[in-house]
Each structure stands twice: as C-alpha cells, then as structure tokens.
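Undergrad: What follows is a structure written as structure tokens; I'll ask about it next.
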Amino acid sequence: MKFQRLRGTDDILGSQARLWQKIEKVSHNLFSSFGYQEIRTPIIEPLKLFERSIGETTQIVEKELFQFQDRSGRDICLRPEATASIARAYIENRLFQKAGLTKLYYLGAMFRAERPQKGRKRQFHQVGIEAIGSSQPELDAEVIYLAKLFLDKLELKDYLIQINTLGCREDKKEILAYLAERLKDNLEGFCSDCKQRFSRNPFRILDCKNSSCRENLEKLNINFQEAICKECLQHYQEVKELLSHLKVEYSEERRLVRGLDYYTRTVFEVSGSGLGAQNAVGAGGRYDNLIEEMGGPAVGAIGFAFGLERIALLLGEEEEELSPLDVFLVLQNREYLKLALSTVMKLRQEGLYVEMDYQGRSLKSQMRLANERNARIVLILGREEFEMGGFSLKYMESGKQIWVSKEDLISTLKGD
Ligand code: HAM
C-alpha cells in the first residue's frame, strides 16, 4: 500500500524548513520587541465559535470548515483562523482583568477546505498578532506599521498595503442597506454565487474574485463610504495621518471588505507580486464588537495574520544554507567506538556542530563523506591516536594535519 499526503497539505523540509525557521525567528523577535506575548490555542474548537464570529454566511463557514462530531456527538472543527480562538481565550482566561492592552502573537496551522492551488492550501500556517483593549487610531497605525516592519525584516520586496474602513456596527447596517438598494435592480451581470449572496450577505459580493462581477461593481460605482458615520470617518482620517507620519506607504481601496464578518472600522490587506490569483500575503483589521458579542467586555481590538506558505513563496528560491559542519570524526577502527561516541557528544555539548558515520563505512568513504559535508576539520581516531591519548586533526581547506592531545582538543577546535 502506498501512502500519500492529503490534497492541499505539504511536507515542509530541507531548505524550505530552514526558510520557515527564519520567518519564525523574525516573528518571535519582532513581536516580542513590540510587547506581544505568544499564545498557543487548541487546533480543535467548538464549531459554534467560528459560526458566530466569522459569520454563518461567509465562504469560510459555509464551505470551508473541516468539521466533525466527536464520539459524544459534539460539533467540533479544525480552526480556520485564530482571531476567534484568541477572543475566546481572552475572555475564558479573564485577560481583561489586567490593566492596559493585551498583546498576543501566534504561529500555527489553520485549516480551510479550499480548492488547492499555488499559495492556497487546506492546511496552511499563519503568523499573526492581536492587540485587544483599545479603539484608538494610534493602535491601528502601530499594528499596520508592525505588519510593514515584519515584511521589511524578512527583506520582502514589492508588497502593497491597501486599507479601508467599514465603519462601526451601525454603519455596517447602513452599508448593507446601501448595497441592497444599489444592487437590487442591477444583478444581471453578476455570477450565480453573487446573486445568492445578494439575499444572504451582500457584503460578500464586494469580495467576489470573478472579473465580470468586479467590472460590474466598478460600473455601478459602488462607494459605500457615504454610509459611514462622522466618528468613523474621523477615526479613519487619523489612522491615515498617523500612517503617513510613520512613513508607511499605503493605498486606499474603497471596496476592500475582507471575507470575515467580525471586522469594523479599519481593514487592510497586504499583497505581494508573484502570488498569482492568491495575492494576499497578509491581512487584518479591527473587530471592536467581537469580544463583547462573545460574552466579554466591550473592548476594541485589532490584529493581522500572514500566511507562511505565501511569505515563503515570495521569498522564493533564496535558499537558506545549511550551516557548515565544524568537525567530522573519522573512526579508523570500531574498537574505539565508545571513545569516538563520547568525544562527539562532548564536542556537541560545547556547541560545536559535529558529525560522524553511523553506517560502518570504510575509512576512505568516511573521508569522502566528511568532504561532501563540507567539514572544516576532520578528527581521526585510530590505533596510534588511541594509544597516544589524542587525535590527528586535519584542516580540510589547507590540508594541514596536526596532532592534538585529548586535553587540548576543545581549546584547539574552538581556538581555530
Ligand atoms: P485571512 O485573510 O482569512 O484573515 O487570512 C490571513 C492570511 O492567511 C492570508 O492573507 C493568507 O496569506 C493566509 N491564508 C488564508 N487562507 C489560506 C490558504 N487556504 N492557504 C494558504 N494561505 C492562506 C484571517 O485569518 C484573520 N484572522 C486575520 C486577522 C487577525 N484579522 C484580525 N486579526
């Protein structure tokens, strides 16, 4: 029987795994330096959590959840994103009792049953942040600045930040009414999905990737900003001013709405060239009512998430090199295996990157392996070395060979 990985899942290995480690390292360092603490929430959650927060009429909830019943008949799903889980964790762990903002970051696997293609997986991975406890525009600006800095630290080029505002909860009702009014007699040229969306959730029409739907929206000059209240427009204005002050370049995309229902006010998307149809590498926004609607206090919040697969695609073939091997220990005679093994362990404890042979190779083929692995130094242990209490040490680049006693081994290796 031949086993294969499931469609839309990946094995991350070799130089790709090293690239992922680099992205993860930048995430840990950068987000901690902004005061974010790591949170790890479960991969399985109650189905209702996402139905309530993301919205029952969204694409994710309607079509993409991996859901199942456990043995006791409870409805469970694999998380499609982390914002809802973090809102739950914030309330469940009473994090609101601490003064000031709660700043959390996360890394992990998410699951959506989408049609797989380049940069679109069924199991994918996000790195993201959530800042909970403020509705002030300076937080929006800081969060978008952080998203930009994250990409800069990764040395990712050619990305575009698009922003928009959706207004508050009341404004969103106005926007829905506006969309219903503007679209009701003009649904002709829209795709069948959009025709259905019209009666269920017209917001989603603005998200449709179908080119004729997009053209129709353009023709109809849909501009829902007129449905947004003064306070929210003022908030948006301040966010933009602060972004300019922080030298964050952005463009306004007045039809940007995002595919999840919890957003209010500021929303943003970061796209990179070279991702094809799936060009969003990261996205986020405010969700000022979500915590309260889930049974927590009325606090504003904002966050973002980037897709690791998409970042890795954008960083491209830029291979992360294996770090070079410090030492390869060549064992001439199996009689001295114990000494070889304990020497390798001791050197590794000292932080040196050391390898030996584990396949009973001949002396010649051990030397060949040391060469292939690009070892800086080869340490030879044979009868003569054993009897004299030391090792022959060969510098591979110069070919120079010296004798070193057991006692001087570490200082010699480290000193070079
Ligand atoms: P999202 O736009 O659904 O937002 O996903 C964020 C990012 O995850 C996308 O920009 C993309 O890079 C990646 N992503 C999403 N789906 C896939 C997929 N099927 N395959 C590969 N990558 C994917 C959220 O998830 C929100 N929770 C973001 C947020 C945080 N908003 C506020 N806080």
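Undergrad: Considering only residues that are buried (at least 19 other Cβ atoms within 10 Å of the Cβ) and at pLDDT 95 or above, which ones fall in region 218-236?
TA: Within region 218-236, ILE228, CYS232, HIS235, TYR236 qualify.
Undergrad: Name the single residue that is farthest from the chain's Cα centre (by Cα) among those in region 145-185 being under 15 Å from CYS229 (Cβ atoms) and of a type in the set (Ser, Thr, Tyr).
TA: Within region 145-185, the match that is farthest from the chain's Cα centre (by Cα) is TYR178.
Undergrad: Of all residues in region 11-21 being loosely packed, with under 15 Cβ neighbours inside 10 Å and not β-branched (Val, Ile, Thr), which is nearest to MET110 (Cα to Cα)?
TA: Only one residue fits best here, namely ASP11.
Undergrad: Related question: Sort through LYS173, LYS157 and tell me the only one that's part of a helix (DSSP H, G or I) and without any contact (Cβ under 8 Å) to a residue 40 or more places away in the chain.
TA: Values: LYS157 fails: part of a helix (DSSP H, G or I).
Residue meeting the stated conditions: LYS173.
Undergrad: Restricting attention to region 44-78, which residues are among the hydrophobic types (A, V, I, L, M, F, W, C) and modelled with pLDDT under 95?
TA: ILE54, ILE60, VAL61
Undergrad: So if I check each of GLU355, GLU309, which one is within 16 Å of the ligand (Cβ to nearest atom), among the acidic types (Asp, Glu) and at pLDDT 95 or above?
TA: On the way: GLU355 fails: within 16 Å of the ligand (Cβ to nearest atom).
Going through GLU355, GLU309 in turn, just one is within 16 Å of the ligand (Cβ to nearest atom), among the acidic types (Asp, Glu) and at pLDDT 95 or above: GLU309.
Undergrad: On to the next question. Only residues in region 109-123 that are closer than 16 Å to ILE76 by Cβ count as the first member; pair them with residues that are of a type in the set (Phe, Trp, Tyr) and near the ligand (Cβ under 8 Å from one of its atoms), Cβ under 9 angstrom, at least 6 apart or cross-chain, and list the lot.
TA: Short answer, once both residue conditions are applied: ALA109/PHE124; MET110/PHE124; PHE111/PHE124; ARG112/PHE124.
Undergrad: OK, next. Which of the residues spanning region 90-100 are surrounded by fewer than 20 Cβ atoms within 10 Å (Cβ to Cβ) and either under 15 Å from the mean Cα position of the chain (by Cα) or in contact (Cβ under 8 Å) with a residue 40 or more places away in the chain (or both)?
TA: ILE91, PHE96
Undergrad: Oh, and also: Look through GLY276, GLY295 and report the one residue that is more than 9 Å from the ligand (Cβ to nearest atom), of a type in the set (Gly, Ala, Ser), on the phi > 0 side of the Ramachandran plot and at pLDDT 90 or above.
TA: None of the others qualify; the one that does is GLY295.
Undergrad: Run down VAL239, VAL330, VAL299, VAL267 and say which single residue is buried (at least 17 other Cβ atoms within 10 Å of the Cβ), of a type in the set (Val, Ile, Thr), in a loop (DSSP other than H, G, I, E, B) and touching a residue at least 12 places away in the same chain (Cβ under 8 Å). It would help to see each step written out before you state the result.
TA: Values: VAL239 fails: in a loop (DSSP other than H, G, I, E, B); VAL330 fails: in a loop (DSSP other than H, G, I, E, B); VAL267 fails: in a loop (DSSP other than H, G, I, E, B).
So the residue among VAL239, VAL330, VAL299, VAL267 that is buried (at least 17 other Cβ atoms within 10 Å of the Cβ), of a type in the set (Val, Ile, Thr), in a loop (DSSP other than H, G, I, E, B) and touching a residue at least 12 places away in the same chain (Cβ under 8 Å) is VAL299.
Undergrad: Quick check on my filter: what residues within region 279-292 are within 22 Å of PHE224 (Cβ to Cβ), in a loop (DSSP other than H, G, I, E, B) and more than 7 Å from the ligand (Cβ to nearest atom)?
TA: Those that are within 22 Å of PHE224 (Cβ to Cβ), in a loop (DSSP other than H, G, I, E, B) and more than 7 Å from the ligand (Cβ to nearest atom): ASP288, ASN289.
Undergrad: Looking at GLY119 and the list (1) of a type in the set (Gly, Ala, Ser); (2) modelled with pLDDT of 95 or more; (3) within 10 Å of the ligand (Cβ to nearest atom), which single condition is not satisfied?
TA: (2)
Undergrad: Since VAL61 meets every condition but one in (1) surrounded by 15 or more Cβ atoms within 10 Å (Cβ to Cβ); (2) part of a loop (DSSP other than H, G, I, E, B); (3) not basic (Lys, Arg), which condition does it not meet?
TA: Here VAL61 clears every test but (2).
Undergrad: Can you work out which of the residues in region 137-150 that are closer than 21 Å to LEU19 by Cβ and away from the ligand (no atom under 12 Å from the Cβ) is surrounded by the fewest Cβ atoms within 10 Å (Cβ to Cβ)?
TA: Out of the qualifying residues, it is LEU149.
Undergrad: Further, regarding this structure: Could you pull out the residue among SER72, SER134 that is free of Cβ contacts under 8 Å to residues at least 24 places away in the same chain, more than 9 Å from the ligand (Cβ to nearest atom) and surrounded by fewer than 21 Cβ atoms within 10 Å (Cβ to Cβ)? Explain how you work it out, then say what you get.
TA: Working: SER134 fails: free of Cβ contacts under 8 Å to residues at least 24 places away in the same chain.
None of the others qualify; the one that does is SER72.
Undergrad: Further, regarding this structure: Do any residues in region 11-27 that are in a helix (DSSP H, G or I) have Cβ atoms under 8 Å from those of residues that are among the hydroxyl-bearing types (Ser, Thr, Tyr) and surrounded by 15 or more Cβ atoms within 10 Å (Cβ to Cβ), where the two are at least six apart or on different chains, and which pairs are they?
TA: Short answer, once both residue conditions are applied: SER27/TYR105.
Undergrad: Here is a further query. Applying the selection to region 43-55, what residues are in a loop (DSSP other than H, G, I, E, B) and more than 16 Å from the ligand (Cβ to nearest atom)?
TA: Matches in region 43-55: none.
The values are calculated or read from the model by the stated rules, or taken from the named source; none is laboratory data. For clarity, every value in this text was computed on a predicted model and none was experimentally measured. We place every Cβ from the backbone using ideal geometry, glycine too, and count neighbours over all the protein chains shown.
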